[in-house]
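Notes follow once the structure below has been shown.
We did not get these values from a lab; they are worked out from the coordinates using the rules stated. All of these numbers come straight from a predicted model, not from anything done at the bench. A quick note on method: Cβ atoms are made from the backbone with ideal geometry, for glycine too, and the neighbour counts reach across all protein chains shown.
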Amino acid sequence: MIHHRNETEKLKRKIAVAAKREKADLVIKNGQVIDVFNQEVMKVDVAIVDGAIVGLGEYDGHEEVDAQNKYICPSFIDAHVHIESSMATPSEFAKVVLPHGVTTVIADPHEIANVAGVEGIQYMLDASENIPLQVYVMLPSCVPSTSFENAGAILGAEDLEPLYQHPRVIGLGEVMDYPAVFHADKRMLDKVLSAKRNQAKIDGHAAGLDRDSLNVYTTAGIKTDHEAVCEEEALERIRRGMYLIIREGSVAKDLVNLIGIVTEKNARRCTFCTDDKHLDDLILEGSVDHNVRLAIQHGVHPITAIQMASLSAAECYGLTQKGAIAPGYDADFLILNHLEKLEIEQVYVAGKKVAENGAFSAQLDQEVQPSATLTNSIHIQGLTEDSLHLNLGSHQRANVIQIIPNSLITQHLVEEVQTEHGRFVPSIERDQLKLAVVERHKQTGHIGLGIVKGLQIKKGAIATTIAHDSHNIIVAGTNDSDMIYAIQQIEEIGGGLVVIENQQVIASLPLPIAGLISQESADSIYRQLEEINEALEHIEATKECNPFLTLSFLALPVIPNIKLTDLGLFDVQKFTHIQVAAEED
């Protein structure tokens, strides 16, 4: 009863201010307000009470801010992000993205869920409570992503169901297992139907799906996709009633290839995401604000691009109080020095300034501490030199994973390789390195072995526990001894990234929370990433793409064309494991 009375009093006050009977808490004066509904600019005051906008027009406030004829626009929403990919806790992630104008994110914690199940999801919910960044959560639908690998957890509909009661859980995360949808697999349908019963949204992951497959997907109620890589794919998704989420992350950079299809007619069905973006890229390049700038540079009208980053995303996820500067909407907005260049001077969340001139300025509560389970996530069997021997027998030709720089997609090559006593030998000259995925959750002893081309490493080895989506240990190297040492160092630091040469650590970044997230500040993570980058230069790794980010996606068996899991080499087109040794012509 008290709660209802408080709500009544709050609404009465908002109406009184809207009707100009009382002063507003805050009024932003002399600004050019961007109207994302009509795609126009208005010269009006913005009146704010209790963190919400209550009026546009002429208002007086207890506090007044002179916008000095600068632009006022709704703040941005990242429509699909894995916070874990920043390697920072939610509060440290908030410090980085808020100055870039992103005040709301639709987060899918499937990285940590693949390591720690419901406990991992709950940690992300708890750690994102009471921070100025508004974190909405899509529950991971595919843990593990397929049955062709071993993850740290298996989540069924019955595990996810109770989590829908959380006020910030709004849907079911990207459905990566298309065959399970196509064959109406009961476990998948149970998750989809559970989401529908809870009136939740369902995210897609339609990598490589043709128009007939999209019919199946959308019939199941899956309404978004962030995996389109060309204009025709983008259009097919919109034609079938899906929201097109245009991704620009650290590896997958799709915006330039897709933005040409955006018009004023379909912009309300198009929005932006980062998906997976490293902390250093977020700091230097930005978050969704970078997507907006890039869209403007490629011909999209600035107000249309802003609309896509705000209103379109809010409508996609049913966030009815977000995405616009209008009465009844949350007072989440930006003050811009320059529209076309999108120079962000100030960032407000619920009417409070949280960032100014690129610097975070709000207060944060103490970090939520992870459980001992989350900080003790590396469980592997002892390794010997034999553990990494890749036997090809009499074969001199092998199936090879060819990296495509800045793409999640790989090419399937068949090449001549070097062998000694029937075992594969890495070749620096041919840029053929050994690749291994070591199961690290249940001490199964599973090790998948393969050959990768494109990393161009000339010495040593690199290893990480960031290996989408099951997050086993993935290591690439020029020799077995450095690869084994890299795996042992990963175990010692509790997960993270290491660069090794001659059984010495050149650089490392510990990620003790589930082998994915640092417990240090964003600044500290950034410095360690700089050391990692220097070490990668030292071992002469490729500069065409980020070697660690590229490595982290080589174990993802739902993205074409060929990947490696802890159970072996995987042909994504045939959806089956294959031998490394290739048949002779």
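Gain on full extension, evaluated as 0.36 nm per residue between E129 and T444 minus their Cα-Cα distance, stands at 109.8 nm.
Each part reduced to its alpha carbon centroid, the stretch 221-290 and the stretch 434-496 end up 31 Å apart. Relative to the Cα centre, the charge distribution of the stretch 75-321, modelled as +1 at Lys and Arg Cβ and -1 at Asp and Glu Cβ, gives a dipole magnitude of about 880 debye. Placing a label point 7 Å from the Cα of L193 along the Cα-to-Cβ line, the residues of the stretch 206-234 whose backbone N sits under 17 Å from it are 219-222.
For the stretch 261-343, the equivalent ellipsoid derived from the Cα gyration tensor has semi-axes of 20, 16, 14 Å, listed largest first.
Candidates F575, Q503, T550 compared by Cα position along the dipole of the stretch 385-577: farthest toward the positive end lies F575, with charges placed on Cβ.
The 3J(HN,Hα) values that the Karplus relation (6.51, -1.76, 1.60; θ = phi - 60°) gives for the stretch 374-388 are, in residue order, 5, 9, 9, 10, 9, 9, 10, 7, x, 10, 10, 4, 5, 4, 10 Hz. Gly and Pro appear as x.
The average projected area of the stretch 397-505, computed from the convex hull of its Cα atoms over all directions, is 7.2 nm². Between the C-alpha center of the stretch 349-374 and that of the stretch 95-174 there is a gap of 18 Å.
Annotation note: GluC sites (Glu not before Pro) in the stretch 433-519 located in DSSP loop regions with a Cβ neighbour count of at most 13 within 10 Å are absent. The relative contact order of the stretch 1-118, computed from alpha carbon pairs under 8 Å that lie at least 6 residues apart in sequence, is 21 percent. Using alpha carbons only, what's the Rg to Rh ratio of the chain with Rh from Kirkwood? With Rh from the inverse mean 1/r over Cα pairs, Rg/Rh is 1.00. Backbone amide hydrogens, once placed in the peptide plane, bring Q432 within less than 5 Å of S427, excluding anything fewer than 5 places away on its chain. Between their Cα atoms, which of K10/K322; K23/K43; K95/K201 are more than 22 Å away from each other? Cα-Cα > 22 Å for K95/K201; rest within. Put in line by how crowded their Cβ is, counting other Cβ atoms within 10 Å and starting with the fewest, I578, I303, I77, I325 read I578, I303, I325, I77. Cβ crowding within 10 Å ranks S427, S377 as S427, S377, fewest other Cβ atoms first. The label point for H338 and the one for E356, both projected 7 Å from the Cα toward the Cβ, are 2.2 nm apart.
Taken over the C-alpha atoms, the stretch 75-321 has Rg and Dmax values of 16.8, 47 angstrom.
In plain terms, the C-alpha convex hull of the stretch 385-577 casts an average shadow of 10.2 nm² when viewed from every direction. Beta bridges per DSSP, both residues in the stretch 75-321: antiparallel share near 5 percent. For the stretch 107-228, the fraction of C-alpha pairs more than 25 angstrom apart is 19%. Dipole of the stretch 75-321 computed with +1 at Lys/Arg Cβ and -1 at Asp/Glu Cβ about the Cα centre; of P90, L279, I306, farthest Cα towards the positive end is I306.
The stretch between T8 and I404 holds 136.8 nm of extra length on full extension. This uses 0.36 nm per residue minus the Cα-Cα distance. When DSSP beta bridges are restricted to pairs lying wholly in the chain, around 70% turn out antiparallel. Sequence-ordered 3J(HN,Hα) estimates for the stretch 462-478 from the Karplus curve with 6.51, -1.76 and 1.60 and θ = phi - 60° stand at 10, 8, 7, 8, 8, 9, 4, 10, 7, 6, 7, 7, 10, 9, 10, x, 8 Hz, glycine and proline given as x. Sorting F333, F76, F553, F575 by the number of Cβ atoms found within 10 Å of their own Cβ, with the fewest placed first, yields F575, F553, F333, F76. Remark: the chain carries a charge dipole of roughly 1800 debye about the Cα centre, counting +1 on each Lys and Arg Cβ and -1 on each Asp and Glu Cβ.
Take every pair of alpha-carbon atoms less than 8 Å apart whose residues are at least six positions apart; their mean separation over the length of the stretch 189-290 yields a relative contact order of 21 percent. Taking amide H atoms as placed 1.01 Å from N in the peptide plane, the amide H of H441 lies under 5 Å from those of H379, each 5 or more residues away in sequence or on another chain.
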